[in-house]
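**Q** First the structure, which I've put down as structure tokens, then a few questions once you've had a look.
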Amino acid sequence: MLEGKTVNLRVVEREDLPLCAEWVNNPEINGEYEPLLMFSRADIEKWYDSLGPKERWFFIEKKDGTKIGLIRHAAHGWGTMIGGVIIPSERGRGYCTEAVKIMVDYLFLSKDIVRIQARTNQQNVASQRVLEKAGFEREGTMRKSNFSRGKWIDMLIYSILKEEWKEPRILTQTTSK
Ligand SMILES: CC(C)(COP(=O)(O)OP(=O)(O)OC[C@H]1O[C@@H](n2cnc3c(N)ncnc32)[C@H](O)[C@@H]1OP(=O)(O)O)[C@@H](O)C(=O)NCCC(=O)NCCS
């Protein structure tokens with residue numbers, strides 16, 4: 001487990017997949033900017049079993065163990081990408097920003113990578129604020145690169161380079177819990 005100040009990140013296990021399925025199929029949790037996609041339990045199990053060592057999903061948990069969101073990292077040809085979600089009742093309290101900072105610490109401390117990136121819908125201001133607060137820089141726009149809610153939309157690309165990653169780091173400790 002990756003421990004921060006107000007949240008921890010816990011790797012998603014196979015037995016957690018029913019909760020993941022419930023969340024990924026809930027449009028209120030995905031928010032208004034993510035594609036409207038539905039997955040069966042079998043889809044989710046197949047996807048989970050296909051994850052390689054360079055791709056992981058983590059629950060974002062409060063210190064009392066309550067699960068309040070998900071954050072993931074995955075390796076792509078052009079770098080390592082991250083993305084996440086917080087359940088609606090827990091938004092606006094800085095939890096996603098802290099989860100992103102923990103993930104950035106973890107990735108730069110554990111992998112020989114120089115760049116972490118995230119993509120976000122141009123209208124998703126909350127997501128852009130999270131990335132800016134976590135030290136990411138806006139790089140540009142991928143015009144009409146994502147089909148969501150019946151239309152092609154522009155996506156913004158953000159990144160943080162290893163040399164821009166500054167103290168104080170927020171990952172306080174790692175445990176086997
Ligand atoms: C994006 C998301 C993960 C943010 O989680 P969160 O825990 O609420 O994020 P934080 O509390 O750390 O920060 C949110 C920031 O966005 C701001 N914000 C939220 N909604 C906003 C809006 N409509 N307009 C402007 N700013 C907004 C908040 O005020 C806060 O900034 P501040 O600290 O400067 O006040 C959450 O909204 C979510 O799960 N959305 C649905 C899924 C999604 O879009 N994921 C991103 C995919 S790239």
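**Q** How much of the accessible area of segment 2-168, in percent, comes from carbon and sulfur atoms when a 1.4 Å probe is used? It would help to have the intermediate numbers written out before the result.
**A** Values: 4670 of 9190 Å².
Taking all protein chains in place, segment 2-168 shows 51 percent carbon and sulfur surface.
**Q** Can I ask one more? Could you pull the Rg and Dmax for segment 103-177, using just the Cα atoms, both in Å?
**A** According to the Cα coordinates of segment 103-177, Rg and Dmax are 14.8, 44 Å.
**Q** At 1.4 Å probe size, with no ligands or nucleic acids counted, give the accessible surface of PHE39 in Å², nearest ten.
**A** Accessible area of PHE39: about 90 Å².
**Q** Here's another thing I want to ask about it. Past 27 Å, Cα to Cα: identify those pairs from LYS144/LYS166; LYS46/LYS67; LYS101/LYS151; LYS111/LYS177; LYS46/LYS133; LYS67/LYS144, in the order given. Show your work: numbers first, answer last.
**A** Working: LYS144/LYS166 33 Å; LYS46/LYS67 23 Å; LYS101/LYS151 32 Å; LYS111/LYS177 21 Å; LYS46/LYS133 35 Å; LYS67/LYS144 34 Å.
Check vs 27 Å cut-off fails for LYS144/LYS166; LYS101/LYS151; LYS46/LYS133; LYS67/LYS144.
**Q** Shape verdict for segment 19-177, please, from the Cα gyration tensor: rounded (a/c under 1.5), prolate (a/b greater than b/c) or oblate.
**A** Numbers: a/c = 1.36, a/b = 1.11, b/c = 1.23.
Rounded, because the longest to shortest axis ratio a/c is under 1.5.
**Q** Test of the criteria: in segment 102-177, which GluC sites (Glu not before Pro) are in a DSSP loop and have at most 12 other Cβ atoms within 10 angstrom of their Cβ?
**A** On the way: sites: GLU132, GLU137, GLU139, GLU163, GLU164; in loops: none.
The qualifying sites: there are none.
**Q** What is the local net charge at PRO35, summed over the other residues whose Cβ is closer than 13 Å to its Cβ (Lys, Arg +1; Asp, Glu -1)? Mind showing how you got there, number by number?
**A** Numbers: positive: ARG119, ARG149, LYS151; negative: GLU32, GLU34.
In short, +1.
**Q** In nanometres, what is the gap between the two model label sites at GLU55 and GLU137, each 7 Å from Cα along Cα-to-Cβ?
**A** Going by the 7 Å Cα→Cβ label model, 2.9 nm.
**Q** Let's see if you can work this out: charge +1 on each Lys and Arg Cβ, -1 on each Asp and Glu Cβ, no other charges. What is the dipole magnitude of the chain about its Cα centre, in debye to the nearest 20? The partial results should precede the final answer.
**A** Values: 28 positive and 25 negative charges, 58 e Å.
My answer is approximately 280 debye.
**Q** Figure the gain on full extension for GLU28 and SER145 (residue separation times 0.36 nm, minus the Cα-Cα span) and round it to one decimal in nm.
**A** On the way: separation 117, 0.36 × 117 = 42.12 nm, distance 2.29 nm.
Length gained, GLU28 through SER145: 39.8 nm.
**Q** Additional query: Contour minus end-to-end for TRP152 and ARG91, with contour as 0.36 nm per residue of separation and end-to-end as the Cα-Cα distance?
**A** On the way: separation 61, 0.36 × 61 = 21.96 nm, distance 2.67 nm.
Length difference between fully extended and current span is 19.3 nm.
**Q** Could you work out the relative contact order of the chain, using alpha carbon pairs under 8 angstrom and six or more residues apart, expressed as a whole percent? Before the final figure, lay out the partial values.
**A** On the way: 292 pairs, mean separation 44.1, N = 177.
Rounded, it is 25 percent for the chain.
**Q** Over segment 105-177, calculate the relative contact order: mean separation of alpha carbon pairs under 8 Å at least 6 apart, over the residue count, as a percent. Intermediate results must be reported in sequence, preceding the final value.
**A** Numbers: 88 pairs, mean separation 26.9, N = 73.
Across segment 105-177, relative contact order equals 37 percent.
**Q** Give me, ordered by chain and number, the residues 5 or more places off TRP57 or on other chains with an amide H under 5 Å from its own placed amide H.
**A** So TRP57 has HN proximity to VAL12.
**Q** Go ahead and estimate [θ] at 222 nm for the chain from helices alone: -39,500 (n - 2.57) per DSSP H run with n ≥ 4, summed, over the residue count, rounded to 500.
**A** Calculated at 222 nm, the ellipticity per residue is -7500 deg cm²/dmol.
**Q** Further question on the same structure: Label-point separation (nm) for ARG115 and THR6, each offset 7 Å from Cα along Cα-to-Cβ?
**A** Distance between label points: 3.2 nm.
The values are calculated or read from the model by the stated rules, or taken from the named source; none is laboratory data. Just so it is clear, the structure is predicted and the values come from calculations on it, not from any experiment. Cβ atoms come from the backbone with ideal geometry, glycine included; neighbour counts cover every protein chain shown. Ligands, DNA and RNA are stripped out before the accessible areas are found, and what is left, the full protein with its side chains, is counted by its heavy atoms. Shrake-Rupley method; radii C 1.70, N 1.55, O 1.52, S 1.80 Å.
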